[in-house]
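K.L.:
Can you keep this structure in mind? I'll have questions shortly.
Read-outs: derived from the displayed coordinates by stated rules, not from any lab. Please read these numbers as outputs of a predicted model, since none were measured by experiment. When we count neighbours, we look across all protein chains shown, and the Cβ atoms used for this are built from the backbone with ideal geometry, even at glycine.
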Amino acid sequence: MSKEIRIMSFNIWIEGRSGKQPLSQTAEVIRQSGADIVGMQEVLENTGPIADMLGWNWFHYGRDTAVLSRFPILGGTPHKKGARLQLEDGTEIVLCNVHLAHAPYQPYQLLGIPYGDAPFLKTAEEAVASAEAARAEEVSAILSDAAEFPEGMPIFVTGDFNEPSHLDWTAAAAAAGYHPMAVAYPTSRMLAGDGFGDSFRTLYPDEVKFPGYTWPTVEAAQPTDKEDRLDYVMFRGRGVMPTKFQIVGGNSPYADIPVKPYPSDHRAVMATFKLS
């Protein structure tokens with residue numbers, strides 16, 4: 001028998017308040033999306049209040065990451081990168097949810113956009129080395145968590161990776177003028193190398209026709225920003241297959257589920273999975 005679950009990744013923008021909306025509007029985004037499970041970033045002290053508004057279960061770990069769910073939450077993962085959940089039929093799944101380092105930010109470094117004290121970069125090799133130094137250790141911890149569970153078990157990774165995908169910054173996308181050059185970004189490659197699929201690119205493999213930008217939202221955009229896809233729902237496991245992918249938030253051409261007013265600088269992303 002197969003079942004469907006809807007898994008969302010949602011960076012709520014510093015406690016859900018930086019968009020100058022009431023916290024209830026963050027809960028409303030989740031409600032309108034129809035999600036079953038949400039990996040949240042930048043939630044800080046507001047995990048419980050948002051979960052209470054929804055009547056959901058919640059699990060907070062780290063400084064600013066949490067999992068919210070309609071389903072029971074059994075506890076944390078061994079390396080504290082997420083939670084174990086139990087679906088209605090008793091199936092156990094794992095959701096690792098992360099907020100990776102925001103700086104240095106390689107797209108800005110390559111485009112000569114000042115951000116903190118990060119140096120500007122000229123080559124793809126420099127960008128990869130900078131990204132590895134910033135995020136590889138955290139990604140390795142996610143993979144260590146995943147390795148603790150039986151082979152074939154459904155495991156999902158949500159998060160604001162603060163890094164584009166190697167499947168997006170390709171030679172074709174660079175030729176189309178989307179990016180300054182092709183860059184084989186390491187975070188997405190590390191997950192792919194460990195068997196994780198990218199739910200968006202599985203369903204929308206053409207990176208030129210479907211860039212799938214999640215950041216920044218129209219509401220938060222600044223003149224020096226560069227649009228990119230930084231928010232992901234990754235998957236692994238026997239019989240796990242994405243059937244639908246939706247971008248949530250704002251009134252932009254990228255939003256499949258527009259919600260206004262939208263409270264975050266990141267669009268949320270939601271994948272529907274069939275579990276056989």
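K.L.:
Could you sort out which of LYS20/LYS81; LYS80/LYS244; LYS122/LYS226 sit more than 25 Å apart by Cα distance in this structure?
P.N.:
Violating the 25 Å limit, Cα to Cα: LYS20/LYS81; LYS80/LYS244.
K.L.:
Starting with the fewest neighbours, write out TRP169, TRP13 ranked by other beta-carbon atoms found within 10 Å of each beta-carbon.
P.N.:
Starting with the residue having the fewest Cβ neighbours, the order is TRP13, TRP169.
K.L.:
Summing Lys, Arg as +1 and Asp, Glu as -1, what charge do residues with Cβ under 13 Å from the Cβ of ASP225 carry, ASP225 excluded?
P.N.:
Local charge sum for ASP225: -3.
K.L.:
OK, next. Test of understanding: what is the full-extension gain from GLU148 to ALA118, defined as 0.36 nm times their sequence separation minus their Cα-Cα distance?
P.N.:
So the chain would gain 7.2 nm between GLU148 and ALA118.
K.L.:
Report, to the nearest 10°, how far helix 124-147 tilts away from the longest principal axis of the Cα atoms in the chain, using its own Cα long axis and a range of 0 to 90°.
P.N.:
The two axes meet at around 10 degrees.
K.L.:
Follow-up question, since we're still on this one. Please sort 46-56, 111-121 by packing, taking for each peptide the average over its residues of neighbouring beta carbons within 10 angstrom, highest first.
P.N.:
Most protected by this proxy first, the peptides run 46-56, 111-121.
K.L.:
Among THR170, THR187, which comes first, second and so on when ranked by fewest other beta-carbon atoms within 10 Å?
P.N.:
Listed from fewest to most nearby Cβ atoms, that is THR170, THR187.
K.L.:
Note the direction-averaged projected area, equal to a quarter of the hull surface, for the Cα convex hull of segment 118-254, in nm².
P.N.:
9.1
K.L.:
Here is a further query. Using a cut-off of 18 Å between alpha-carbon atoms, which aspartates and glutamates can reach LYS3, once sequence neighbours fewer than 8 places away in the same chain are excluded?
P.N.:
Cα-Cα hits under 18 Å: ASP36, GLU88, ASP89, GLU92.
K.L.:
A follow-up question, please. When we measure straight from the Cα of LYS209, which aspartates and glutamates land under 13 angstrom away, once same-chain ones fewer than 8 places off are left out?
P.N.:
Here the aspartates and glutamates satisfying the reach criterion relative to LYS209 are ASP168.
K.L.:
Can you give the calculated 222 nm mean residue ellipticity of the chain, where each DSSP H run of n ≥ 4 adds -39,500 (n - 2.57) and the sum is split over every residue, rounded to the nearest 500 deg cm²/dmol?
P.N.:
For the chain, the value works out to -7000 deg cm²/dmol.
K.L.:
Just the C-alpha atoms of segment 1-144: what Rg/Rh do they give, with Rh taken as the Kirkwood radius? Write out the running numbers ahead of the final one.
P.N.:
Values: Rg = 17.5 Å, Rh = 16.8 Å.
Computed over Cα atoms, the ratio is 1.04.
K.L.:
For the residues LYS81, LYS122, LYS226, what sequence is obtained by ranking on other C-beta atoms within 10 Å, fewest first? Show your work: numbers first, answer last.
P.N.:
Values: LYS81 25, LYS122 12, LYS226 18.
Fewest-to-most ranking of LYS81, LYS122, LYS226: LYS122, LYS226, LYS81.
K.L.:
Additional query: Mind listing the Cα extents of the chain along all three principal axes, in Å, largest one first?
P.N.:
Sorted from largest, the Cα extents of the chain read 51, 42, 33 Å.
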